[in-house]
1. Conditions first: (1) within 21 Å of Glu165 (Cα to Cα); (2) free of Cβ contacts under 8 Å to residues at least 24 places away in the same chain; (3) in a strand (DSSP E or B); (4) open to solvent by 70 Å² or more (accessible area, probe 1.4 Å). Arg145 passes all but one, so which condition is the exception?
2. Can you pull out the residues in region 134-168 that are small (Gly, Ala, Ser) and within 22 Å of Val81 (Cβ to Cβ)?
3. Mind counting the residues in region 57-81 that are free of Cβ contacts under 8 Å to residues at least 24 places away in the same chain and touching a Ser or Thr at 6+ places or on another chain (Cβ under 8 Å)?
4. Which numbered condition trips up Gly155, out of (1) among the small types (Gly, Ala, Ser); (2) part of a loop (DSSP other than H, G, I, E, B); (3) surrounded by 13 or more Cβ atoms within 10 Å (Cβ to Cβ)?
5. Mind listing whichever residues of region 77-114 are over 18 Å from Asp149 (Cβ atoms), outside any loop (DSSP other than H, G, I, E, B) and among the charged types (D, E, K, R)?
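The values are calculated or read from the model by the stated rules, or taken from the named source; none is laboratory data. Since the model is a prediction, treat every value here as computed from it, not as a measurement. Cβ sites come from the backbone with ideal geometry, for glycine too, and all protein chains shown count toward neighbours. Protein only, heavy atoms only, side chains kept; ligands, DNA and RNA dropped before computing areas. Shrake-Rupley method; radii C 1.70, N 1.55, O 1.52, S 1.80 Å.
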Amino acid sequence: RLNRIGRQGGTAIVETGDGWFDATQDNVTELLKQHKLTVNHTLSKAGDRGTSVHSALEAWGETRVIPDPEFYPEEERGYVVGLVKFLNDLNLSTRPKLEMETMVGSAEHGFAGRYDLAVTLNECAFVTNVTPVRGETRENFPKGRYLLDLKTSAGVYDSHMIQLEAYEAA
């Protein structure tokens, strides 16, 4: 993942044309810093995005008011739009009580964490899933109880499933 971010930074510098032809092994890091394209810059933006979308979910949980994507920075709006579609698809506003931001842990296995939302669906639901890689898809969720953890990454990774399984076990 970090190599991919580094390659994306290098590609972006080539696209700007700003100083790339003077790049050497000694100054390429400085060019990446100038353009805020280092791994740390990229991870920081991703962290800010994740925090912002999580805050939108938490505010919705407290008020049941659907967040307005227009109140978020442009680079975060698409993620808030995805959250809004998800909340509307599940019609969670009608639920009297939701488990949100619940801390769980296992003393036996030495871990703890916090899942974002637990919801029980009394009937089947078709949910809009929006990802930068796959675009918008509709998925069928059968009735049952679900632990949910909001992600703003480019894809769905095995580690996400393992994380939720650990929360369930805890």
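1. Tallying (1) within 21 Å of Glu165 (Cα to Cα); (2) free of Cβ contacts under 8 Å to residues at least 24 places away in the same chain; (3) in a strand (DSSP E or B); (4) open to solvent by 70 Å² or more (accessible area, probe 1.4 Å), Arg145 fails exactly one: (2).
2. If the condition is that a residue be small (Gly, Ala, Ser) and within 22 Å of Val81 (Cβ to Cβ), then Gly135, Ser153, Ala154, Gly155 are the ones that fit.
3. Count: 2.
4. The one condition Gly155 does not meet is (3).
5. Across region 77-114, the qualifying residue is only Arg77.
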